[in-house]
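Below is one structure, written out as structure tokens; comments come after it.
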Amino acid sequence: MSQNATSGNKGRARSGGAAEPSAERDKPWLFRTYAGHSTAAKSNELYKKNLSKGQTGLSIAFDLPTQTGYDSDHELARGEVGKVGVPCSHLGDMRTLLDGIPLEQMNTSMTINATAAWLLALYVAFADEQGASRAKLTGTIQNDIIKEYLSRGTYVFPPEPSLRLIKDTIVFSTREVPKWNPTNVCSYHLQEAGATPVQELSFALATALAVLDTVKASGEVAPEAFGNVVGRVSFFVNAGLKFVTEICKMRAFTELWDEITAERYGVTDPKHRLFRYGVQVNSLGLTEQQPENNVYRILLEALAVTLSKGARARAVQLPAWNEALGLPRPWDQQWSLRMQQILAYETDLLSYGDIFDGSVEIKRKVDELKREARAELKTIEKMGGAVAAIDFMKHALVESNTERLRQIESGAQIVVGVNRWTETEPSPLSAGEGNIQVIDPAVEAEQVERLKAWRSARDAKAVKAALADLEQAAKEGRNVMEPSIACAKAGVTTGEWGGLLRQIFGEYRAPTGVAKAAAEVDGSGLEGVRAAVEATSAKLGRRIKFLVGKPGLDGHSNGAEQIAVRARDCGMEVVYEGIRLTPAQVVRAAIDESVHVVGLSILSGSHVPLVKEVMERMAKEGASDVPVVVGGIIPPEDEVKLKSFGVAAVYTPKNFQLNDIMAEIVTLVDPAAKAA
């Protein structure tokens with residue numbers, strides 16, 4: 001998600017005066033579409049089509065095995081290959097993915113974190129093959145691991161070695177790929193996990209400080225060059241529907257970053273202190289009900305990050321209107337791209353300075369956000385910084401998300417078409433077959449066969465030597481980037497790179513935030529469900545025990561966490577072990593814990609194969625009588641499939657009343673209801 005400099009102050013209104021049209025229009029931001037699916041070849045075809053339609057930068061979505069350092073034939077990759085992005089197992093996949101796209105001329109964003117060093121190595125290796133100058137490559141790797149621990153879940157290694165890998169990419173990029181953004185501090189997923197504007201500001205800035213402090217402490221960058229490092233730190237933010245607040249949040253971000261880089265790091269060049277950011281507007285608020293309303297939501301959120309020139313995004317990617325239903329089609333993505341183009345070229349937005357300069361109300365809100373964010377930053381600093389505060393921040397996000405859902409459930413926060421004005425005419429946009437993109441199930445087997453062929457054709461001795469050098473670099477503290485590039489050129493796979501570093505650095509389990517989430521005390525309609533839990537527990541002879549499981553590689557745990565918290569508040573005993581479990585591990589936990597009900601949360605589109613395996617394993621264990629419920633972004637036709645496997649209930653984003661879900665689960669467990 002590559003971000004260049006914000007527009008800065010050029011063309012801003014004079015103090016106290018009205019904004020005036022500029023003699024020349026500003027250049028528009030980069031137009032992006034977050035894309036990638038199925039195979040490298042199909043994704044390459046999609047990229048070329050999008051570029052021909054006026055997209056001005058690439059934004060590559062990788063599948064979950066690639067993001068978590070597994071090859072496509074790993075046990076945990078089963079059902080996940082090509083689902084949420086494109087598989088990239090080796091240099092051959094990268095060649096196919098970017099075939100015919102001159103990298104010297106392309107600004108490429110790669111949403112990759114735990115394996116960011118490896119994907120950058122593959123990209124640079126292919127650029128070398130193209131004969132491109134490394135000094136001319138422009139783009140970004142997200143490379144923000146702390147938010148992965150907090151919200152997105154594609155982490156692999158513990159914090160210390162993860163920050164070391166980020167440091168290595170920054171040091172390498174500063175010297176070798178100076179126009180590249182080697183880290184893209186991402187508050188987007190914090191808001192998706194329920195963060196308030198103050199939390200989004202403070203948690204993201206705390207993360208940036210942790211990264212820069214690590215680079216500075218390494219001594220690998222000369223003091224006089226540190227400003228260049230700061231200047232290549234970019235951000236990736238979210239924009240929700242609280243329109244005025246979001247504008248003010250972005251202005252607060254720009255002002256706070258300018259202060260921090262000057263005061264904490266002594267950066268004197270104003271260009272290096274610019275808050276450079278890209279954005280994808282909010283996906284959390286996209287609704288399954290009346291999804292056509294999402295078009296207006298997306299437009300308003302886009303305005304929040306483009307109207308204020310002094311805090312304008314330099315790269316924008318918009319979700320599609322139907323993402324709450326499933327994977328968007330090329331036409332859906334085109335609709336979002338056209339929205340950006342109309343905003344940039346048909347309006348006079350880019351003809352004026354900052355239209356909010358001089359606004360008393362905007363300044364008041366910006367100052368309020370800055371004051372509260374500074375206070376939260378001080379709290380995190382007292383704990384020892386972002387890494388030491390991971391548990392604190394995770395707990396805070398779970399509580400904020402819990403409160404957000406309570407507001408929607410109670411009707412205090414109106415969501416059109418969801419909790420108000422739910423009557424609707426049938427939508428011709430979302431009716432019938434083909435209304436979402438469906439990944440061919442054969443894709444996974446074909447990718448695995450290509451991977452096997454790649455392994456067979458490469459020079460095994462060269463692979464062994466390259467991995468040995470990477471191992472030594474990792475153990476000795478040498479920068480891993482050049483050894484990783486050598487591995488890429490030798491034919492090493494994503495799983496081999498990730499597996500080697502897992503052996504050296506170990507793996508990490510992030511906190512869930514569930515145990516420490518504040519218990520519900522005011523009832524909020526829970527009295528009836530609590531009474532039902534008590535009555536059914538009495539019939540069972542022990543408290544209802546509910547296993548919440550996340551099979552597969554999907555790391556988006558927000559929904560699972562909220563279900564676990566609400567079940568606990570209803571009086572159930574909850575077993576929740578976090579993300580990234582195999583179906584075998586889920587079933588083993590269900591048997592060992594003697595649970596009464598199993599709830600599976602899968603948001604990656606891999607629900608059919610994963611749920612099928614869970615149900616088969618439950619049957620083999622003699623536990624077919626234990627009801628299984630499933631939640632996720634599940635199309636109606638897949639719901640039918642899941643129920644044919646024996647799933648008792650399926651929940652999608654339209655089921656926002658968590659108390660109703662809890663009541664249904666109690667009924668499923670009730671011995672009297674089962675007997676009836």
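The values are calculated or read from the model by the stated rules, or taken from the named source; none is laboratory data. Because the structure is predicted, anything quoted here is derived from the model rather than measured. Glycine gets a Cβ as well: all are built from the backbone with ideal geometry, and neighbour counts include every protein chain shown. Ligands, DNA and RNA are excluded from the accessible area calculation, which covers all protein heavy atoms including side chains. Shrake-Rupley method; radii C 1.70, N 1.55, O 1.52, S 1.80 Å.
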Worksheet item: Looking at this structure, is Glu376 more than 30 Å from Glu24 (Cα to Cα) and touching a Ser or Thr at 6+ places or on another chain (Cβ under 7 Å)?
Response: yes
Worksheet entry | Candidates Pro635, Pro671, Pro627, filtered to the one that is at pLDDT below 95 and open to solvent by less than 20 Å² (accessible area, probe 1.4 Å) | Pro635
Practice prompt. Tell me which residues, restricted to the range 38-66, are within 14 Å of Val84 (Cβ to Cβ), surrounded by 23 or more Cβ atoms within 10 Å (Cβ to Cβ) and not β-branched (Val, Ile, Thr).
Written response: Ser38, Ser43, Ser59, Phe62, Asp63, Leu64, Pro65
Worksheet item: Of (1) touching a helix residue (DSSP H, G or I) at 6+ places or on another chain (Cβ under 6 Å); (2) over 22 Å from Phe62 (Cβ atoms); (3) assigned to a helix (DSSP H, G or I), Pro511 satisfies all except one. Which?
Response: (3)
Worksheet item: Just checking, which of Ala445, Ala412 is free of Cβ contacts under 8 Å to residues at least 40 places away in the same chain and closer than 30 Å to Asp93 by Cα?
Response: Ala445
Worksheet item: Of all the residues that make up the range 576-588, how many are surrounded by fewer than 19 Cβ atoms within 10 Å (Cβ to Cβ), in a loop (DSSP other than H, G, I, E, B) and of a type in the set (Lys, Arg)?
Response: 0
Worksheet item: Which of (1) in contact with a strand residue (DSSP E or B) (Cβ under 9 Å, 6 or more places away or on another chain); (2) open to solvent by 50 Å² or more (accessible area, probe 1.4 Å); (3) closer than 29 Å to Pro653 by Cβ does Ser410 not meet, given it meets every other one?
Response: (1)
Worksheet item: Among the residues of the range 514-536, is there at least one that is charged (D, E, K, R), open to solvent by 20 Å² or more (accessible area, probe 1.4 Å) and farther than 16 Å from Asn659 by Cα?
Response: yes
Practice prompt. Would you check if there is a residue in the range 267-278 being open to solvent by 10 Å² or more (accessible area, probe 1.4 Å), modelled with pLDDT of 95 or more, among the aromatic types (Phe, Trp, Tyr) and not in a helix (DSSP H, G or I)?
Written response: no
Fill in: Only listed residue being in contact (Cβ under 8 Å) with a residue 60 or more places away in the chain and of a type in the set (D, E, K, R), chosen from Lys365, Lys382
Lys365
Discussion item. Can you say whether Ala252 is touching a strand residue (DSSP E or B) at 6+ places or on another chain (Cβ under 7 Å), open to solvent by less than 10 Å² (accessible area, probe 1.4 Å) and part of a helix (DSSP H, G or I), as far as the supplied structure shows?
Written reply: no
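Only residues that are more than 29 Å from the chain's Cα centre (by Cα) and either open to solvent by 70 Å² or more (accessible area, probe 1.4 Å) or under 29 Å from Ser38 (Cβ atoms) (or both): list them for the range 468-484, please.
Gln472, Lys475, Glu476, Arg478 - these are the residues of the range 468-484 that are more than 29 Å from the chain's Cα centre (by Cα) and either open to solvent by 70 Å² or more (accessible area, probe 1.4 Å) or under 29 Å from Ser38 (Cβ atoms) (or both).
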Discussion item. Please pick out the residue among Lys370, Lys365, Lys378, Lys394 that is basic (Lys, Arg), at pLDDT 95 or above and surrounded by fewer than 18 Cβ atoms within 10 Å (Cβ to Cβ).
Written reply: Lys378
Worksheet, complete the sentence: Checked Asn107, Asn113 against criteria (surrounded by fewer than 24 Cβ atoms within 10 Å (Cβ to Cβ), at pLDDT 95 or above and either in contact with a Ser or Thr (Cβ under 7 Å, 6 or more places away or on another chain) or among the hydroxyl-bearing types (Ser, Thr, Tyr) (or both)); the one match is Asn107
Discussion item. I'd like the residue in the range 129-154 that is open to solvent by 10 Å² or more (accessible area, probe 1.4 Å) and touching a residue at least 60 places away in the same chain (Cβ under 8 Å) and, out of all such residues, is farthest from the chain's Cα centre (by Cα).
Written reply: Thr138
Item to complete: Output the residue which, of all residues in the range 549-575 that are in a strand (DSSP E or B) and more than 21 Å from the chain's Cα centre (by Cα), is surrounded by the fewest Cβ atoms within 10 Å (Cβ to Cβ).
Response: Glu573
Worksheet, complete the sentence: Log entry, pairs with first residue in the range 256-274 being basic (Lys, Arg), second being open to solvent by 40 Å² or more (accessible area, probe 1.4 Å) and modelled with pLDDT under 95, beta carbons closer than 7 Å, six or more apart or on different chains, reads Lys271/Ala5
Item to complete: Select from the range 292-301 the residues that are surrounded by fewer than 21 Cβ atoms within 10 Å (Cβ to Cβ) and not charged (D, E, K, R) and list them in ascending order.
Response: Asn293, Val295, Tyr296, Leu299, Leu300
Worksheet entry | Subset of the range 67-92 [open to solvent by 10 Å² or more (accessible area, probe 1.4 Å), out of contact with any Phe, Trp or Tyr (no Cβ under 7 Å at 6 or more places or on another chain) and not basic (Lys, Arg)] | Tyr70, Asp71, Asp73, His74, Glu75, Val84
Discussion item. Looking at Gly100 and the list (1) open to solvent by 10 Å² or more (accessible area, probe 1.4 Å); (2) touching a helix residue (DSSP H, G or I) at 6+ places or on another chain (Cβ under 6 Å); (3) in a loop (DSSP other than H, G, I, E, B); (4) not basic (Lys, Arg), which single condition is not satisfied?
Written reply: (2)
Discussion item. Which of the numbered conditions does Phe243 fail, given that it passes all the others? Conditions: (1) at pLDDT below 95; (2) within 18 Å of Ala204 (Cβ to Cβ); (3) aromatic (Phe, Trp, Tyr).
Written reply: (2)
